[in-house]
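Each reported figure results from applying straightforward, stated rules to the coordinates on display, with no laboratory input. Note that the coordinates shown come from a computational prediction; the quantities given were computed from them, not determined experimentally. When we count neighbours, we look across all protein chains shown, and the Cβ atoms used for this are built from the backbone with ideal geometry, even at glycine.
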């Protein structure tokens, strides 16, 4: 049963280079129509994934911080009616640090949002231009201050290992970011994904990414500085003060069920992987025709679920319980992990074991992908 709810708002204020939904840019949005559709989708999902109170709600997607606050409030009221709220529920909204969106923060807080996640990415104008962001550093700083004035919990993200990043430069950048005193930060290494502008620039010699040793040094100093500031890593790229870990993402990493509504939203429900129609018009048609926006509800084999649970759980500093996983998916321990590889990596200090729990040690976090490839049992991967 879902205890986490993801609500996807597909619309963006303007076409932008970092948006995955350029076809979702709209000059005008029929808010009443979308309210009806999202509520219908929510009710349909609650009929199948209800029964437990919600511990987290996350508004994501295009530009959710430009949602009308009245719509946010109405959706929260309906979610409370359908599921009920845990007394300590976390209600997060993603926001870009533009002045237009920051102006909406007070009303969104009044509507029920109690946590905001800001896509800052850098506090340097040149780096923001390199990343294709539309906001500037001063705008980002103002958004952080406004968010802290209105929300009980604030998180923002930063990207490092960009061309030209040295240990000293990143230490200066991160120290400044930590000085704002937010209880949570997401710190991501720049990755070159196939098919992106960055990949094209690398291929043409316009961009020279940092080598592995340089990136590893930046990862190491990131861990040291955040630990010293009281925001240790609780997941590979996420750092938080004790008690301020992102509860919604923890549901993903702990492989718990979550309901996803709205265009393009994914969910997990009792061994089913659900996907809503991505294009807004197709989503609306589906809701009208079938009462929900689901494009696909695919049963996951137990081996596939176990693989996902391992890959997600080993990202967490707390690791995971192999005995619980074995019981949940009816797969013996040696069918989940390669015991010989686990023993070898433990001897190297890259992973740890404690009773039936296993996890990646701090020394192994920068090698996570390679370690996962060794730890997860081959029989499970090919099943």
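Between the alpha-carbon centers of segment 318-383 and segment 223-239, tell me the distance in whole angstrom.
22 Å
Using a ≥ b ≥ c from the Cα gyration tensor of segment 323-382 (square roots of the eigenvalues), is it rounded, prolate or oblate, where a/c under 1.5 gives rounded and otherwise the larger of a/b and b/c decides, a/b for prolate?
Prolate.
Modelled label-to-label distance, residue 47 and residue 340, 7 Å Cα→beta-carbon offset: nm?
Result: 5.3 nm between the two label points.
Counting other C-beta atoms within 10 Å, which of 258, 188, 252 has the fewest, and how do the rest follow?
188, 252, 258
Which FRET efficiency value, to the nearest 0.05, do you get for residue 80 and residue 298 by plugging their Cβ-Cβ distance into 1/(1 + (r/R0)^6) with R0 = 30 Å?
Efficiency for this residue pair is about 0.50.
Under a GNM of the chain (C-alpha, springs under 10 Å), which listed residue has the highest mean-square fluctuation: 97, 87, 299?
The residue with the greatest mean-square fluctuation here is 87.
Please work out how much length the chain gains when fully extended from residue 228 to residue 368, using 0.36 nm per residue of separation minus the C-alpha to C-alpha distance, in nm with one decimal.
48.1 nm
How high is the FRET efficiency from residue 330 to residue 100, r the C-beta distance, R0 41 Å, rounded to 0.05?
Result of the calculation: an efficiency of 0.20.
Using 7 Å Cα-to-Cβ label points, what is the residue 256/residue 279 separation (nm, one decimal)?
3.6 nm
Given the DSSP H assignment, sum -39500 (n - 2.57) over each helix run of at least 4 residues in the chain and divide by its residue total; what's the result at 222 nm in deg cm²/dmol, nearest 500?
Computed mean residue ellipticity for the chain: -12500 deg cm²/dmol.
Using the Cα gyration tensor of segment 239-383, with a ≥ b ≥ c the square roots of its eigenvalues, what is the shape: rounded (a/c below 1.5), prolate (a/b larger than b/c) or oblate (neither)?
Judged from the Cα gyration tensor, segment 239-383 comes out prolate (a/c at least 1.5, a/b above b/c).
If each residue's Cβ is checked for other Cβ atoms within 10 Å, how do 179, 155, 110 rank with the fewest at the top?
Lowest count first: 179, 110, 155.
Would you mind computing, in nm to one decimal, how far apart the modelled labels at residue 213 and residue 88 are, each placed 7 Å from Cα along Cα→Cβ?
4.5 nm
Nearest-5 percent of antiparallel DSSP beta bridges in the chain?
45 percent
Fewest to most neighbouring Cβ within 10 Å: what's the order for 135, 266?
266, 135
Determine which residues of segment 96-114 fall in the zone a paramagnetic label at residue 145 would reach in this model, i.e. backbone nitrogen under 19 Å from the point 7 Å along Cα→Cβ.
96-107
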